[in-house]
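Have a look at the structure below, then the notes.
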Amino acid sequence: MKLTPYLSYQTDPERGVIYGVSGKRVGVIGQDGYIKVHGPKGFWGKGHRMIWESVHGPIPERMEINHINGVKTDNRIENLELVTSSENKLHAYRTGLRNAAGERNGFSKMTNDTVLSIRKRVKDGEILRAIAIDLRLSKSAIRHVANGTNWSHLP
């Protein structure tokens, strides 16, 4: 076991464990399922990010750390990878960690075909209100589909 200093903590990247100044293991599982480390002045950081940074340095802006096996408490360095937010979300959908997107989501009121049709109708110049009335959906739902805020997994 090789400990790596990280600020006032020691990390064991191979085991994915963080130790405090007393030499005791630190961190609790938060409501979001991630290991959270608290210092004397409150919340300090998430364990997976601390492990990553102890090995690779600061996480670049707009990048995230993904747990390859999907287990949020498995902070072994071999289980962590640097990804974009989109890649992280896609991994979560593919592995079932996140609710299914689009028509695979049981609460969806639209299908992929409906979304593609909405986007074509907007592109052809039809007004949002007319599409909303026709499909019995809210105008804001149509707008979010048209601008890609929702159903962004479709082209």
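Read-outs: derived from the displayed coordinates by stated rules, not from any lab. On a predicted model such as this, the values are computed, not experimentally measured, just so you know. All Cβ positions, glycine included, derive from the backbone under ideal geometry; neighbour counts span all protein chains shown.
Miscellaneous remarks
- The distance between label points at Arg143 and Leu116 comes to 2.7 nm (points 7 Å beyond Cα on the Cα→Cβ vector).
- Think of each Lys and Arg Cβ as +1 and each Asp and Glu Cβ as -1; about the Cα centre, that makes the dipole of the range 1-95 roughly 320 debye.
- For Ala92 and Arg25, a Förster radius of 30 Å and the Cβ-Cβ distance give a FRET efficiency of 0.65, rounded to the nearest 0.05.
- Residue pairs, from the table Lys36/Lys89; Lys41/Lys89; Lys72/Lys109, whose Cα atoms sit over 28 Å apart: Lys41/Lys89; Lys72/Lys109
- Cut-off 13 Å between beta-carbons: net charge of the residues surrounding Gly45, Lys and Arg +1, Asp and Glu -1: +3
- When the convex hull of its Cα atoms is projected in every direction, mean area for the range 4-94 (nm²): 5.9 nm²
- Rg(Cα)/(2.2 N^0.38 Å) for the chain, N = residue count: 1.44
- For the range 40-60 and the range 128-155, distance of Cα centres in Å: 39 Å
- Taking every Cα-Cα distance in the range 102-146 and sorting them into 5 Å bins starting at zero, the pair-distance distribution P(r) comes out as 5, 25, 36, 23, 8, 3, 0 percent.
- Subtracting the Cα-Cα distance of Ala130 and Lys36 from 0.36 nm times their residue separation leaves 29.0 nm of extension gain.
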